[in-house]
Number of protein chains: 2
Amino acid sequence: MLGEKQEQCSRYGTLASMSASGVRARVRAEMTEEIKTVARRHLATDGANLSLRAVARDLGMASSAVYRYFASRDELLTAMIIDAYNSLGAAAEAAAGQTAAGQDAASPAGAGHAAGAGRAAGAGRAAGRTGLERFLATTHAARDWALADPHQWALIYGSPVPGYEAPEDTVGPATRVVLLIAAVVRDAYGNGEIDDREPITGRYAEELAAVGEKFTPGAPPRLVGTAMSAFIHMSGAISAELFGQLRNSVDDDRRGFFEFQMRGAAHLIGLR
Amino acid sequence: MLGEKQEQCSRYGTLASMSASGVRARVRAEMTEEIKTVARRHLATDGANLSLRAVARDLGMASSAVYRYFASRDELLTAMIIDAYNSLGAAAEAAAGQTAAGQDAASPAGAGHAAGAGRAAGAGRAAGRTGLERFLATTHAARDWALADPHQWALIYGSPVPGYEAPEDTVGPATRVVLLIAAVVRDAYGNGEIDDREPITGRYAEELAAVGEKFTPGAPPRLVGTAMSAFIHMSGAISAELFGQLRNSVDDDRRGFFEFQMRGAAHLIGLR
DNA sequence: CTCCTTTGTGAGCACCGCTCTCTATCTAGA
DNA sequence: TCTAGATAGAGAGCGGTGCTCACAAAGGAG
């Protein structure tokens, strides 16, 4: 909590403010957090077209004052995207039974990728649960998180904001949940729950091998591919449900249909 | 082409204009089409935040004049969404080898659902191709279409426009491609390419049975479920690629990875 | 105690969706 | 053929937006 503040300051303050007083940095971080909280509330009600002026109005301050904390509306959105990724990642990791050594947003800026990989690779197996159970729990947790706050899901997995190129800060948190699924799969593989008999071919297989070597060492390329495929299927299923694609087809038992799909994805991985 | 104009008029004109002169209706339809063309161009460059004023400027007319053709920005977007659905549907149907009796957007308003179902169910088997081949061709066509115009894909499969509730006119075209996939699967089932040994259970199975009875009669619920699942996986895979989710993982051979995933989806259906 | 960084204000610019009034034009029917 | 009415466009205007800038208060650092 306290260590986070310094980071916030260094991210949004000027370069010379590193030696600023502690109290200044703290009130600044609190203000930053307050702005994000109000913005999150607006996002939940009004949708993706977030109005900086409306947020400032709710905070009882001039709209121009917000620009002291976020250089632009895009930067505010970026901060909220990072928070959303971390919130989803934490929820999914809790369901998977990961110890989550790096917890929430405390990973140092820039090293997020490596830290995420280390966390995902380092966690052990949850007590008494099969790989399939952990996989289903993880995907259900992601769906529950999305259903609880659809706009936050849309923020990170919907169409990107026009002209919005994902900044470097987001790539770390963004990979958190897919790395988690890969870790769950790799744990199951390590426990002998999956046999990897039919290898994959093609150029993408080499890319998958490189990705696997980097983030989930010891996992064969086919497992990396099926894990990514499962993650993509999961995000597609959640988006389809949230964005109204299931209307007039599956209206009652959407949870059941989601699980049906995720069991299929698990089957492709080799989890059963 | 000509029969379409009357429909455009009846959709956007006042109710009393049904008896209007043919030339009036034609120039109105041409103007409507021109607005949509310019809007589509703006969409391709600027992204989803379409500016009515900018479109009007490009057309050399006052912004208020556009409101003679589209009651609001949302209505323009709706028209473009319908066009996008139909464009994608036509591309996918062509790849699947469907005869596409209803062609483009000529289905009468309101009866779009029934017409779509009839079209999808009525088409025969493409000469000499297996169900798997047709399925892969269809999904690749959808991906190719999306890659050629990412913003149009984002328009229909990205996060819905805030406050935008999909109007009745869109549900018909929206179901076109999923019905197509269901038809491809049902054709393969009819040809004995799929065995349906393990039935599904749960409340969603009944919903799927009802959907199947309505749109693809003769197909068992499990096939309807796996076909929908495959469609969802497809849209998820395309969205993931388009929205930058694959960055730093699969960068070279994205087509190969897509096919890998679609082969997995086909495997779950029972196509092989 | 003085400097200077930081924080907040309010005016202002250009743009947006949308509404309104007004005018020119063109069609339909007597 | 002439007229009444529907239609298409123009332009001003309203409230909203993101963002910039000059300026004033306030606080910590030397």
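Are any residues in segment B:191-206 within 14 Å of chain A (Cβ to nearest Cβ), surrounded by fewer than 23 Cβ atoms within 10 Å (Cβ to Cβ) and of a type outside the set (Gly, Ala, Ser), and if so, which ones?
We begin by selecting, within segment B:191-206, every residue within 14 Å of chain A (Cβ to nearest Cβ); these are B:198-206.
When the remaining residues are screened for being surrounded by fewer than 23 Cβ atoms within 10 Å (Cβ to Cβ), the result is B:198-203, B:205-206.
Result: B:GLU198, B:PRO199, B:ILE200, B:THR201, B:ARG203, B:GLU206.
Candidates B:ARG254, B:ARG176: the one that is surrounded by fewer than 22 Cβ atoms within 10 Å (Cβ to Cβ) and at pLDDT 95 or above is B:ARG254.
When we screen A:ALA84, A:ALA79, A:ALA95 for residues that are under 18 Å from A:ASP149 (Cα atoms) and touching a Ser or Thr at 6+ places or on another chain (Cβ under 6 Å), the only hit is A:ALA95. Being more than 24 Å from B:ASP251 (Cα to Cα), open to solvent by less than 40 Å² (accessible area, probe 1.4 Å) and in the same structural domain as A:GLY89 (by TED's automatic domain parsing) holds for only one residue in A:ALA230, A:ALA188, and it is A:ALA188.
Of the residues B:MET61, B:MET80, which is within 12 Å of DNA strand D (Cβ to nearest atom), within 11 Å of B:ILE35 (Cα to Cα) and not polar (S, T, N, Q)?
Details: B:MET80 fails: within 12 Å of DNA strand D (Cβ to nearest atom).
None of the other options fit; the residue is B:MET61.
Scan segment A:154-162 and tell me whether some residue there is out of contact with any strand residue (DSSP E or B) (no Cβ under 7 Å at 6 or more places or on another chain) and away from chain B (no Cβ under 11 Å). The answer is no; no qualifying residue exists. Scanning segment A:60-80 for residues that are open to solvent by 30 Å² or more (accessible area, probe 1.4 Å) and away from DNA strand C (no atom under 16 Å from the Cβ) turns up just one, A:ASP74.
B:GLY218 meets all of the listed conditions (1) touching a Lys or Arg at 6+ places or on another chain (Cβ under 7 Å); (2) within 11 Å of another protein chain (Cβ to nearest Cβ) but one, namely (2). A count restricted to segment B:47-59 and to residues that are within 8 Å of DNA strand C (Cβ to nearest atom), open to solvent by 40 Å² or more (accessible area, probe 1.4 Å) and within 27 Å of the chain's Cα centre (by Cα) stands at 2.
More than 14 Å from every other protein chain (Cβ to nearest Cβ), open to solvent by 20 Å² or more (accessible area, probe 1.4 Å) and more than 9 Å from DNA strand C (Cβ to nearest atom): does that describe B:ALA95? Spell out the reasoning first.
Working: more than 14 Å from every other protein chain (Cβ to nearest Cβ): yes; open to solvent by 20 Å² or more (accessible area, probe 1.4 Å): yes; more than 9 Å from DNA strand C (Cβ to nearest atom): yes.
Considered against the rule, which asks whether it is more than 14 Å from every other protein chain (Cβ to nearest Cβ), open to solvent by 20 Å² or more (accessible area, probe 1.4 Å) and more than 9 Å from DNA strand C (Cβ to nearest atom), B:ALA95 comes out as yes.
For segment B:81-90, does any single residue satisfy the condition of being open to solvent by 30 Å² or more (accessible area, probe 1.4 Å), more than 13 Å from B:ILE156 (Cβ to Cβ) and of a type in the set (D, E, K, R)? Steps first, answer last, please.
At the first step, the residues of segment B:81-90 found to be open to solvent by 30 Å² or more (accessible area, probe 1.4 Å) are B:83, B:87, B:90.
Still in the running and more than 13 Å from B:ILE156 (Cβ to Cβ): B:90.
Those still in the list that are of a type in the set (D, E, K, R) too: none.
The answer is no, given that none of the residues of segment B:81-90 is open to solvent by 30 Å² or more (accessible area, probe 1.4 Å), more than 13 Å from B:ILE156 (Cβ to Cβ) and of a type in the set (D, E, K, R).
Of B:ALA39, B:ALA44, all but one fail to be closer than 20 Å to B:HIS151 by Cβ, open to solvent by less than 20 Å² (accessible area, probe 1.4 Å) and more than 13 Å from DNA strand D (Cβ to nearest atom); the exception is B:ALA39.
Can you say whether A:ILE232 is more than 7 Å from every other protein chain (Cβ to nearest Cβ) and of a type in the set (Val, Ile, Thr), as far as the supplied structure shows? For A:ILE232, the condition - more than 7 Å from every other protein chain (Cβ to nearest Cβ) and of a type in the set (Val, Ile, Thr) - is not met.
With respect to B:GLY192, is the statement that it is at positive phi and not polar (S, T, N, Q) true?
On the way: at positive phi: yes; not polar (S, T, N, Q): yes.
Judged against the criteria, B:GLY192 is a match.
The values are calculated or read from the model by the stated rules, or taken from the named source; none is laboratory data. Only a predicted model underlies this, so the values are computations on that prediction, with no experimental measurement involved. Neighbour counts run over all protein chains shown; Cβ positions are idealised from the backbone, glycine included. Calculation scope for accessible area: heavy atoms of the full protein, side chains included, ligands and nucleic acids excluded. Shrake-Rupley method; radii C 1.70, N 1.55, O 1.52, S 1.80 Å.
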